[in-house]
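In what follows, a structure is listed as C-alpha coordinates, so that the remarks can point back to it.
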(Lines give C-alpha, C1' and ligand atoms only; values in the text may rest on other atoms or scores of the structure.)
Protein backbone atom coordinates (compact mmCIF):
# COMPACT_ATOMS: atom_id res chain seq x y z
CA UNK A 1 0.00 0.00 0.00
CA UNK A 2 1.57 3.33 -0.98
CA UNK A 3 2.42 5.68 1.83
CA UNK A 4 0.01 8.59 2.24
CA UNK A 5 1.92 11.85 1.96
CA UNK A 6 1.67 14.04 5.03
CA UNK A 7 0.61 17.63 4.91
CA UNK A 8 3.34 20.11 5.82
CA UNK A 9 3.35 21.42 9.35
CA UNK A 10 1.43 24.69 9.29
CA UNK A 11 1.10 26.82 12.40
CA UNK A 12 -1.59 29.31 13.27
CA UNK A 13 1.03 32.04 13.01
CA UNK A 14 1.82 30.88 9.46
CA UNK A 15 -1.82 31.38 8.53
CA UNK A 16 -1.97 34.84 10.09
CA UNK A 17 1.27 35.77 8.32
CA UNK A 18 -0.15 34.62 4.97
CA UNK A 19 -3.16 36.90 5.39
CA UNK A 20 -0.83 39.76 6.31
CA UNK A 21 1.37 39.14 3.26
CA UNK A 22 -1.67 39.06 0.97
CA UNK A 23 -2.84 42.50 2.06
CA UNK A 24 0.69 43.90 2.27
CA UNK A 25 1.19 43.13 -1.42
CA UNK A 26 -2.02 44.94 -2.26
CA UNK A 27 -1.11 48.00 -0.22
CA UNK A 28 2.35 48.11 -1.83
CA UNK A 29 0.61 48.46 -5.19
CA UNK A 30 -1.64 51.22 -3.86
CA UNK A 31 1.30 53.05 -2.33
CA UNK A 32 3.01 53.19 -5.73
CA UNK A 33 -0.12 54.77 -7.20
CA UNK A 34 -0.36 57.19 -4.28
CA UNK A 35 3.16 58.46 -4.88
CA UNK A 36 2.39 59.21 -8.52
CA UNK A 37 -0.91 60.94 -7.73
CA UNK A 38 0.66 63.08 -4.99
CA UNK A 39 3.06 64.66 -7.49
CA UNK A 40 0.88 67.47 -8.74
CA UNK A 41 -1.05 70.63 -8.06
CA UNK A 42 -3.75 71.31 -5.49
CA UNK A 43 -6.39 71.29 -8.26
CA UNK A 44 -6.64 69.30 -11.46
CA UNK A 45 -8.80 69.10 -14.60
CA UNK A 46 -11.11 66.04 -14.79
CA UNK A 47 -9.69 64.66 -18.03
CA UNK A 48 -6.11 65.05 -16.79
CA UNK A 49 -6.84 63.16 -13.57
CA UNK A 50 -8.76 60.42 -15.36
CA UNK A 51 -5.90 59.80 -17.78
CA UNK A 52 -3.35 59.52 -14.97
CA UNK A 53 -5.48 57.17 -12.90
CA UNK A 54 -6.44 54.95 -15.83
CA UNK A 55 -2.78 54.57 -16.84
CA UNK A 56 -1.98 53.41 -13.31
CA UNK A 57 -4.82 51.00 -12.60
CA UNK A 58 -5.76 49.46 -15.94
CA UNK A 59 -2.70 47.14 -16.11
CA UNK A 60 -3.47 45.85 -12.59
CA UNK A 61 -7.03 44.98 -13.62
CA UNK A 62 -6.34 43.27 -16.94
CA UNK A 63 -3.18 41.24 -16.36
CA UNK A 64 -3.01 37.51 -15.75
CA UNK A 65 -4.85 36.53 -12.52
CA UNK A 66 -5.45 40.12 -11.39
CA UNK A 67 -5.54 40.78 -7.66
CA UNK A 68 -8.11 43.57 -7.93
CA UNK A 69 -11.66 43.57 -9.27
CA UNK A 70 -11.78 47.35 -9.29
CA UNK A 71 -9.42 50.24 -8.57
CA UNK A 72 -9.04 53.98 -8.86
CA UNK A 73 -9.15 57.33 -7.11
CA UNK A 74 -11.96 59.21 -5.36
CA UNK A 75 -11.27 62.94 -5.32
CA UNK A 76 -11.86 65.21 -2.35
CA UNK A 77 -14.38 68.02 -2.99
CA UNK A 78 -12.63 70.92 -4.66
CA UNK A 79 -9.66 68.95 -6.01
CA UNK A 80 -11.19 68.38 -9.45
CA UNK A 81 -12.08 71.69 -11.05
CA UNK A 82 -15.83 72.18 -11.29
CA UNK A 83 -16.66 68.90 -9.54
CA UNK A 84 -17.82 68.19 -5.99
CA UNK A 85 -17.92 64.44 -6.70
CA UNK A 86 -15.43 62.74 -8.99
CA UNK A 87 -14.88 58.97 -9.14
CA UNK A 88 -11.95 58.02 -11.37
CA UNK A 89 -12.65 54.29 -10.95
CA UNK A 90 -12.26 51.31 -13.26
CA UNK A 91 -13.63 47.78 -13.07
CA UNK A 92 -11.79 44.71 -14.27
CA UNK A 93 -13.18 42.31 -16.89
CA UNK A 94 -16.47 40.77 -15.80
CA UNK A 95 -17.85 37.28 -16.36
CA UNK A 96 -21.63 37.26 -16.23
CA UNK A 97 -21.84 40.20 -13.82
CA UNK A 98 -25.49 40.86 -12.84
CA UNK A 99 -24.97 44.61 -13.26
CA UNK A 100 -22.58 44.76 -16.19
CA UNK A 101 -22.98 41.46 -18.02
CA UNK A 102 -19.71 40.11 -19.41
CA UNK A 103 -16.73 42.13 -20.57
CA UNK A 104 -13.20 41.31 -21.62
CA UNK A 105 -11.68 44.72 -20.85
CA UNK A 106 -11.51 47.19 -17.99
CA UNK A 107 -14.43 49.62 -17.95
CA UNK A 108 -14.98 53.01 -16.34
CA UNK A 109 -17.48 53.19 -13.48
CA UNK A 110 -20.32 55.46 -14.58
CA UNK A 111 -22.42 56.52 -11.60
CA UNK A 112 -25.11 57.91 -13.90
CA UNK A 113 -25.97 54.39 -15.09
CA UNK A 114 -26.22 52.91 -11.59
CA UNK A 115 -29.30 52.63 -9.41
CA UNK A 116 -29.15 53.32 -5.67
CA UNK A 117 -26.18 55.72 -5.87
CA UNK A 118 -27.64 58.52 -3.76
CA UNK A 119 -25.52 57.46 -0.80
CA UNK A 120 -22.27 58.28 -2.61
CA UNK A 121 -23.29 61.95 -2.84
CA UNK A 122 -22.15 62.20 0.77
CA UNK A 123 -19.19 59.84 0.32
CA UNK A 124 -17.13 61.80 2.86
CA UNK A 125 -19.08 60.01 5.61
CA UNK A 126 -18.42 56.53 4.20
CA UNK A 127 -15.89 54.36 6.01
CA UNK A 128 -13.53 53.81 3.07
CA UNK A 129 -13.12 57.61 2.72
CA UNK A 130 -13.68 58.98 6.21
CA UNK A 131 -11.20 56.74 8.06
CA UNK A 132 -8.15 57.48 5.84
CA UNK A 133 -9.03 61.16 5.94
CA UNK A 134 -9.29 61.34 9.73
CA UNK A 135 -6.38 59.01 10.57
CA UNK A 136 -4.04 59.58 7.60
CA UNK A 137 -3.63 55.78 7.57
CA UNK A 138 -4.42 52.94 5.21
CA UNK A 139 -7.74 51.22 5.80
CA UNK A 140 -9.59 48.00 4.97
CA UNK A 141 -13.38 48.23 4.71
CA UNK A 142 -15.44 45.06 4.74
CA UNK A 143 -16.05 42.48 3.76
CA UNK A 144 -19.38 43.59 2.33
CA UNK A 145 -21.51 43.00 -0.75
CA UNK A 146 -20.55 45.58 -3.39
CA UNK A 147 -23.93 46.69 -4.74
CA UNK A 148 -22.46 49.65 -6.62
CA UNK A 149 -20.03 47.86 -8.93
CA UNK A 150 -19.68 44.08 -8.94
CA UNK A 151 -22.29 42.49 -6.63
CA UNK A 152 -19.41 40.47 -5.17
CA UNK A 153 -18.39 39.96 -1.54
CA UNK A 154 -15.35 42.24 -1.33
CA UNK A 155 -12.88 44.24 0.70
CA UNK A 156 -12.14 47.85 -0.21
CA UNK A 157 -8.59 49.01 0.51
CA UNK A 158 -7.96 52.77 0.63
CA UNK A 159 -5.18 55.17 1.53
CA UNK A 160 -5.03 58.97 1.65
CA UNK A 161 -3.28 60.99 -1.05
CA UNK A 162 -1.63 64.26 -0.03
CA UNK A 163 0.96 66.46 -1.72
CA UNK A 164 2.91 66.68 1.53
CA UNK A 165 2.62 66.08 5.24
CA UNK A 166 0.04 68.33 6.86
CA UNK A 167 -1.57 69.34 3.56
CA UNK A 168 -5.27 68.77 2.78
CA UNK A 169 -6.15 65.36 1.43
CA UNK A 170 -6.57 65.29 -2.34
CA UNK A 171 -8.64 62.12 -2.15
CA UNK A 172 -8.18 58.41 -1.60
CA UNK A 173 -6.60 55.85 -3.86
CA UNK A 174 -8.16 52.44 -3.51
CA UNK A 175 -8.89 48.98 -4.82
CA UNK A 176 -11.46 46.25 -4.36
CA UNK A 177 -10.46 42.63 -3.68
CA UNK A 178 -12.94 39.77 -3.79
CA UNK A 179 -13.20 37.53 -0.74
CA UNK A 180 -13.06 34.60 -3.17
CA UNK A 181 -9.55 35.63 -4.20
CA UNK A 182 -8.32 35.84 -0.61
CA UNK A 183 -9.90 32.47 0.14
CA UNK A 184 -8.16 30.84 -2.82
CA UNK A 185 -4.80 31.98 -1.43
CA UNK A 186 -5.14 31.23 2.29
CA UNK A 187 -7.63 28.36 2.48
CA UNK A 188 -5.06 25.65 1.57
CA UNK A 189 -2.93 26.79 4.51
CA UNK A 190 -5.91 26.85 6.85
CA UNK A 191 -6.80 23.30 5.80
CA UNK A 192 -3.22 22.13 6.42
CA UNK A 193 -3.25 23.31 10.04
CA UNK A 194 -3.89 20.71 12.73
CA UNK A 195 -6.91 22.58 14.13
CA UNK A 196 -9.94 24.22 12.54
CA UNK A 197 -9.42 27.92 11.96
CA UNK A 198 -11.46 30.97 11.07
CA UNK A 199 -10.32 34.35 9.81
CA UNK A 200 -12.48 36.98 11.51
CA UNK A 201 -12.72 40.74 11.31
CA UNK A 202 -12.38 43.23 14.15
CA UNK A 203 -16.10 42.79 14.83
CA UNK A 204 -15.79 38.96 14.67
CA UNK A 205 -17.40 38.54 11.24
CA UNK A 206 -16.18 35.27 9.70
CA UNK A 207 -14.34 35.71 6.39
CA UNK A 208 -12.68 32.31 5.80
CA UNK A 209 -13.32 29.19 7.85
CA UNK A 210 -12.38 25.54 8.16
CA UNK A 211 -14.38 25.21 11.37
CA UNK A 212 -17.76 23.56 10.63
CA UNK A 213 -19.35 25.50 13.49
CA UNK A 214 -18.35 28.85 11.95
CA UNK A 215 -19.90 29.71 8.61
CA UNK A 216 -18.62 32.52 6.41
CA UNK A 217 -20.57 35.72 7.07
CA UNK A 218 -21.77 34.87 10.57
CA UNK A 219 -20.52 36.43 13.80
CA UNK A 220 -18.12 34.25 15.75
CA UNK A 221 -19.10 33.71 19.36
CA UNK A 222 -16.05 31.62 20.28
CA UNK A 223 -13.59 33.12 22.72
CA UNK A 224 -10.71 30.73 22.09
CA UNK A 225 -7.10 31.47 21.25
CA UNK A 226 -6.39 33.69 18.29
CA UNK A 227 -3.45 35.22 16.44
CA UNK A 228 -3.66 38.79 15.14
CA UNK A 229 -2.81 39.56 11.52
CA UNK A 230 -0.20 42.27 11.99
CA UNK A 231 -1.34 45.73 10.93
CA UNK A 232 -4.78 44.52 9.86
CA UNK A 233 -8.24 44.41 11.47
CA UNK A 234 -8.24 40.60 11.32
CA UNK A 235 -7.29 37.68 13.51
CA UNK A 236 -7.13 33.93 13.03
CA UNK A 237 -9.40 32.24 15.53
CA UNK A 238 -8.43 28.75 16.69
CA UNK A 239 -11.12 26.08 16.91
CA UNK A 240 -11.12 22.70 18.73
CA UNK A 241 -8.57 20.00 17.99
CA UNK A 242 -9.16 17.88 14.91
CA UNK A 243 -9.17 14.11 15.25
CA UNK A 244 -5.81 12.62 14.20
CA UNK A 245 -5.27 11.84 10.51
CA UNK A 246 -4.66 8.21 9.48
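The values are calculated or read from the model by the stated rules, or taken from the named source; none is laboratory data. Note that this is a predicted model, so its numbers are computed, not measured. Note that each Cβ is placed from the backbone with ideal geometry, even for glycine, and that neighbours are counted across all protein chains shown.
Based on this model, can you work out whether residue 151 counts as touching a residue at least 40 places away in the same chain (Cβ under 8 Å), within 17 Å of the chain's Cα centre (by Cα), in the same structural domain as residue 93 (by TED's automatic domain parsing) and surrounded by 14 or more Cβ atoms within 10 Å (Cβ to Cβ)?
Numbers: touching a residue at least 40 places away in the same chain (Cβ under 8 Å): yes; within 17 Å of the chain's Cα centre (by Cα): yes; in the same structural domain as residue 93 (by TED's automatic domain parsing): yes; surrounded by 14 or more Cβ atoms within 10 Å (Cβ to Cβ): yes.
In short, yes.
Take the range 163-200 and flag every residue that is part of a loop (DSSP other than H, G, I, E, B), touching a helix residue (DSSP H, G or I) at 6+ places or on another chain (Cβ under 9 Å) and within 20 Å of residue 129 (Cβ to Cβ). Scanning the range 163-200 gives 169, 170.
The set of residues in the range 20-51 being crowded, with 17+ Cβ neighbours inside 10 Å and under 12 Å from residue 170 (Cβ atoms) consists of 34, 37, 44, 49.
Scanning the range 208-229 for residues that are closer than 15 Å to residue 239 by Cα and in contact with a helix residue (DSSP H, G or I) (Cβ under 6 Å, 6 or more places away or on another chain) gives 208, 210, 227. In the condition set (1) modelled with pLDDT of 85 or more; (2) surrounded by 16 or more Cβ atoms within 10 Å (Cβ to Cβ); (3) within 17 Å of the chain's Cα centre (by Cα), residue 127 is compliant with all but (2).
Just give me the residues in the range 143-174 being at positive phi and at pLDDT 95 or above, in sequence order. Walk me through it before giving the result.
Residues of the range 143-174 that are at positive phi, as a first pass: 151, 166, 171.
Result: 171, single match.
In the range 74-102, the residues that are over 16 Å from residue 133 (Cα atoms) and not assigned by TED's automatic domain parsing to the domain that holds residue 156 never reach a residue that is at pLDDT below 95 and in a loop (DSSP other than H, G, I, E, B) with C-beta atoms less than 7 angstrom apart, at least six apart or across chains.
Could you please let me know if residue 188 is in contact with a strand residue (DSSP E or B) (Cβ under 9 Å, 6 or more places away or on another chain), under 15 Å from residue 22 (Cα atoms) and outside the structural domain of residue 67 (by TED's automatic domain parsing)? No; evaluated as a whole, the condition is false for this residue.
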